[in-house]
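Novice: Below: one structure in structure tokens.
The values are calculated or read from the model by the stated rules, or taken from the named source; none is laboratory data. Here the structure is a predicted model, which means the values were calculated and not measured. Reconstructed Cβ throughout: ideal geometry from the backbone, glycine too, with neighbour counts over all protein chains shown.
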Amino acid sequence: MTVYGFHASQEQISPSQLLRDVQRAESAGFDAAMSSDHFFPWSHRQGHSGFTFSWLGAALSSTSFPIGSVCVPGQRYHPAVVAQATATLGEMFPGRYWVALGAGQAMNEHITGEKWLPLQRRRDRLEESAVLIRRLHRGEWITEHRGQVEVQDAYLYDRPERPIPLYATCITPESAQRAARWADGFITLNQPDDAHYQVCEAYRDAGGQGPALLQVHLSWAPTDQAAEQIAYDQWRNNTFGPPLDQDLPTPEHFDTAAGDVRLSTVLEAVWTSSSPSAHTEWIAQASQSFDAIYLHHVGQDQTPWLETAGEHILPALTRDATETGA
């Protein structure tokens, strides 16, 4: 049975409002939730960037469903700190928290003043970090002075009884192939030309284990025109592929780069329609390949979307799954 989750976009909504939104999402019938983790928003139009680990404690304590998050260890967060933060959540909320580790983007990581590394070195650092986090979660005392991450006398006194799943964020087939070597599962996002299916295939072909998660960017409104306007206003800065999306350092840079982005380009990246049945059809198709789908309505007002999802989309998805035995 596919899990249908709510995506909490820290870069678009204030932490207090997003807390109310995730509570409302559970009431609407979502099975789970996940959160982004940003220091900067993609655009000044979005205008938010709450601290994810602070928010997660409040969200998990005021809901009962699982909530995961994305995190980049190695620069803004030392992996030992990531291990401590995630272990604390896992100890307090057993079986309800997972983390997806990624190689990162300059817009969030450059604030340390450290050199922004090439992608290959960031991937190496990610894998080293994942190993260290797992070892700390197992209760090892660690000192490491090799590779890209140094650790001196690190040990966690409070650890979860159940292992916290360490997923990988994967955008390309190449990143999925590498992640298959270490990850407990992976998460990708919907892409033009259905490229997310290629990512899933690459992960499985490389021997990757665990669940396949998909984050879907979508826009719903009472009219197609309104849905398109929301998508263009809020998500046109997110239509660039690598390396541009990974290397631009500030919202100003993204706003400038998005100056010539056309609506047609945005609509390739954001599933946009006023029809609940259209969204249901798109999501149901994706559920054939993914174990969990996290729905991100790219608008800043989540209430109308949550009402529509709860009244029309989620019941239809559940009904279709029951009828097909999926």
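Novice: Which residue is nearest to residue 189 (Cα to Cα), if the candidates are limited to the range 228-249 and must be hydrophobic (A, V, I, L, M, F, W, C) and in a loop (DSSP other than H, G, I, E, B)?
Specialist: Our first condition is that a residue be hydrophobic (A, V, I, L, M, F, W, C); within the range 228-249, this holds for 230-231, 235, 240, 244, 248.
Filter once more, so that each one left must be in a loop (DSSP other than H, G, I, E, B): 240, 248.
Values: 240: 13, 248: 20 Å.
Taking the candidates together, the pick is 240.
Novice: Can you tell me which residue in the range 50-92 is surrounded by the most Cβ atoms within 10 Å (Cβ to Cβ), limited to those that are more than 20 Å from residue 102 (Cβ to Cβ) and among the β-branched types (Val, Ile, Thr)?
Specialist: Looking at the filtered set, the residue picked out is 63.
Novice: Could you say which residue among 236, 204 is farther than 29 Å from residue 305 by Cα and among the basic types (Lys, Arg)?
Specialist: Unique residue meeting the criteria: 204.
Novice: Scan the range 281-326 residue by residue and report those that are small (Gly, Ala, Ser), assigned to a helix (DSSP H, G or I) and at pLDDT below 95. Spell out the reasoning first.
Specialist: Let us first name the residues in the range 281-326 that are small (Gly, Ala, Ser), namely 284, 286-287, 289, 292, 299, 309-310, 316, 321, 325-326.
When the remaining residues are screened for being assigned to a helix (DSSP H, G or I), the result is 284, 286, 309-310, 316, 321.
Residue satisfying the conditions is 321 alone.
Novice: Further question on the same structure: Considering only residues that are within 20 Å of residue 128 (Cβ to Cβ) and surrounded by fewer than 20 Cβ atoms within 10 Å (Cβ to Cβ), which ones fall in the range 186-208?
Specialist: Residue satisfying the conditions is 206 alone.
Novice: Right, next: Among 268, 252, which is assigned to a helix (DSSP H, G or I), over 21 Å from residue 32 (Cα atoms), touching a Pro at 6+ places or on another chain (Cβ under 7 Å) and modelled with pLDDT of 95 or more?
Specialist: Values: 252 fails: touching a Pro at 6+ places or on another chain (Cβ under 7 Å).
Result: 268 is the single residue among 268, 252 that is assigned to a helix (DSSP H, G or I), over 21 Å from residue 32 (Cα atoms), touching a Pro at 6+ places or on another chain (Cβ under 7 Å) and modelled with pLDDT of 95 or more.
Novice: Counting only residues that are among the polar types (S, T, N, Q) and surrounded by fewer than 21 Cβ atoms within 10 Å (Cβ to Cβ), which one in the range 288-309 is farthest from residue 198 (Cα to Cα)? So that I can check it myself, show each step before the final result.
Specialist: Start the filter on the range 288-309 by keeping residues that are among the polar types (S, T, N, Q), which leaves 288-289, 300, 302-303, 308.
From what is left, the residues that are surrounded by fewer than 21 Cβ atoms within 10 Å (Cβ to Cβ) are 288-289, 300, 303, 308.
Working: 288: 14, 289: 11, 300: 30, 303: 33, 308: 30 Å.
In this case the residue turns out to be 303.
Novice: Spot the failing condition for residue 20; the list is (1) touching a residue at least 24 places away in the same chain (Cβ under 8 Å); (2) not in a strand (DSSP E or B), and only one is missed.
Specialist: The number of the failed condition is (1).
Novice: Tally time: how many residues in the range 22-45 are under 17 Å from the mean Cα position of the chain (by Cα) and either of a type outside the set (A, V, I, L, M) or under 20 Å from residue 109 (Cα atoms) (or both)? Break it down into steps so the answer makes sense when it comes.
Specialist: To start, the set of residues in the range 22-45 that are under 17 Å from the mean Cα position of the chain (by Cα) comprises 22, 25, 30-42.
After this cut, where a residue has to be either of a type outside the set (A, V, I, L, M) or under 20 Å from residue 109 (Cα atoms) (or both) as well, the list is 30-31, 35-42.
Count: 10.
Novice: Could you pull out the residue among 168, 103, 183 that is part of a loop (DSSP other than H, G, I, E, B), surrounded by 16 or more Cβ atoms within 10 Å (Cβ to Cβ), touching a helix residue (DSSP H, G or I) at 6+ places or on another chain (Cβ under 7 Å) and in contact (Cβ under 8 Å) with a residue 40 or more places away in the chain? Give the derivation first.
Specialist: Numbers: 168 fails: part of a loop (DSSP other than H, G, I, E, B); 183 fails: touching a helix residue (DSSP H, G or I) at 6+ places or on another chain (Cβ under 7 Å).
Checking each option against the conditions leaves just 103.
Novice: Further question: Within the bounds of the range 226-235, is there any residue that is hydroxyl-bearing (Ser, Thr, Tyr), at negative phi and under 20 Å from the mean Cα position of the chain (by Cα)?
Specialist: From the range 226-235, those hydroxyl-bearing (Ser, Thr, Tyr) are 232; that's our starting set.
Pick out the ones that are also at negative phi and you get 232.
Narrowing the set further to residues that are under 20 Å from the mean Cα position of the chain (by Cα) leaves none.
No, the conditions are met nowhere in the range 226-235.
Novice: Next up: Considering only the range 23-46, state which residues are of a type in the set (Gly, Ala, Ser) and assigned to a helix (DSSP H, G or I).
Specialist: Filtering the range 23-46 down to residues of a type in the set (Gly, Ala, Ser) leaves 25, 27-29, 32-33, 35-36, 43.
Once the filter is applied, which keeps residues that are of a type in the set (Gly, Ala, Ser) and assigned to a helix (DSSP H, G or I), the range 23-46 yields 25, 27, 28.
Novice: Read through the list (1) in a helix (DSSP H, G or I); (2) among the hydroxyl-bearing types (Ser, Thr, Tyr); (3) surrounded by fewer than 17 Cβ atoms within 10 Å (Cβ to Cβ), then give the number of the only condition that residue 129 fails.
Specialist: Evaluating residue 129 over (1) in a helix (DSSP H, G or I); (2) among the hydroxyl-bearing types (Ser, Thr, Tyr); (3) surrounded by fewer than 17 Cβ atoms within 10 Å (Cβ to Cβ) leaves (3) as the failure.
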